1. For the pairs Lys156/Lys252; Lys56/Lys195; Lys29/Lys301; Lys252/Lys301; Lys97/Lys262, flag any whose C-alpha to C-alpha distance is greater than 25 Å.
2. Taking the Cα centre as origin and putting +1 on Lys and Arg beta-carbons and -1 on Asp and Glu beta-carbons, what dipole magnitude results for the stretch 22-79, to the nearest 20 debye?
3. Could you tell me what fraction of 2.2 N^0.38 Å the Cα radius of gyration of the stretch 140-233 comes to, as a two-decimal ratio?
4. Rounded, prolate or oblate for the stretch 18-106? Axes are the square roots of the Cα gyration tensor eigenvalues, ordered a ≥ b ≥ c, and the cut-off for rounded is a/c under 1.5.
5. Tell me, what is the percent relative contact order of the stretch 239-325, built from C-alpha pairs under 8 Å that lie six or more residues apart?
6. At what distance in angstrom do the alpha carbon centres of the stretch 266-327 and the stretch 188-204 lie from each other?
Amino acid sequence: MKNKLFISYLLLIAFLAVPALASELHIDKSGNFHMDSANVVSTNNNFILVEVWGTKWSLFLDTSTKILGADDRELTMNGIEKGQLLTVDGMFDAVNKIILAATVVNESIGTPKPKLVLLPPPSPPIPTPLPAPKAATVSAKPVDASNVHEITSYLKLAKEGPEVLRLQQFLVTQGLLSSDNATGYYGWITWAAVKKFQLAHDLLDTGTVGPKTRAVLNSLLNGTPGTVAGASVSVSPSASSAAPPSSGKGEKITKYLRYTSKDPEVLILQNFLVSQGLLNADNVTGYFGDTTWDAVVAFQKNHGLEYKYGAIGPQTRNVINAMLAGQ
């Protein structure tokens, strides 16, 4: 009897001494992402490659990312090294398959506060909604883009100034960015909007404004009169009463449309889906919600298109526009 008790005691000590590996990994439909004890495989400037359950994930960290040690002490990005374990909260960019990290806790640095260790529960915990990532800190200094008529610089993450503001104002007119984000600071929200613009114009979706993207932008800017600060082309979900069914003739989709998009071109998409018997006319609102997402996925499956993300990218857009032209 004494031997059995001693063996049980040793097993309990061994259990308490072994750290939990990747105990959690959650992604909800809105893209909120959480992982625990992710092993760092490599680091490259703002990008960190981690591994969880045999799958590698790419993390992107910018100036808005909060980095802490296990003891809640603030750290810098330079302290993250290969072989360390990270806990990450952020947003998952499904198109580019990267995680935009909002909070990173380096479990390998600092001593965590003591906590009671309990035996594993009989069933896994229910995932809880995760907080959205913090927006990048923007300088309070006002930025004026009224004299910027074209973009001449290479623009990327963490850039700021009048040309960044002019870029953001243009993205607002394209329905790719909210006017609240036209700040003059190039954060990850602007980065994501630039990628959408690039996909819509058959450009390499790097999220940065290089020579080719700049040439397309400037050609469109020269045809955009006046200042567009504060302009908005978003469509309210309650706009269905003002959106009569369309015949589809002469209409086409030019933008990258995805879940939560609000844009007049969403109306064209929804009216088209109604004509295909995939959407009820009551759902023609100009807002890309759950019902529209389901209808888009059904259309993509019917036509042998990639349907994993339920978004309107170049391939799906070309098929829809060809069918609209034939109506």
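We did not get these values from a lab; they are worked out from the coordinates using the rules stated. Note that the structure is predicted; figures quoted are calculated from it, not measured. Note that each Cβ is placed from the backbone with ideal geometry, even for glycine, and that neighbours are counted across all protein chains shown.
1. Result: Lys156/Lys252 exceed 25 Å.
2. Numbers: 4 positive and 8 negative charges, 39 e Å.
Taking the Cα centre of the stretch 22-79 as origin, the dipole is about 180 debye.
3. Values: Rg = 11.7 Å, N = 94, 2.2 N^0.38 = 12.4 Å.
The stretch 140-233 yields a ratio of 0.95.
4. Details: a/c = 1.37, a/b = 1.14, b/c = 1.20.
Taking the square roots of the gyration eigenvalues as a ≥ b ≥ c, the stretch 18-106 is rounded.
5. Working: 122 pairs, mean separation 31.6, N = 87.
It comes to 36 percent, rounded to a whole number.
6. 21 Å
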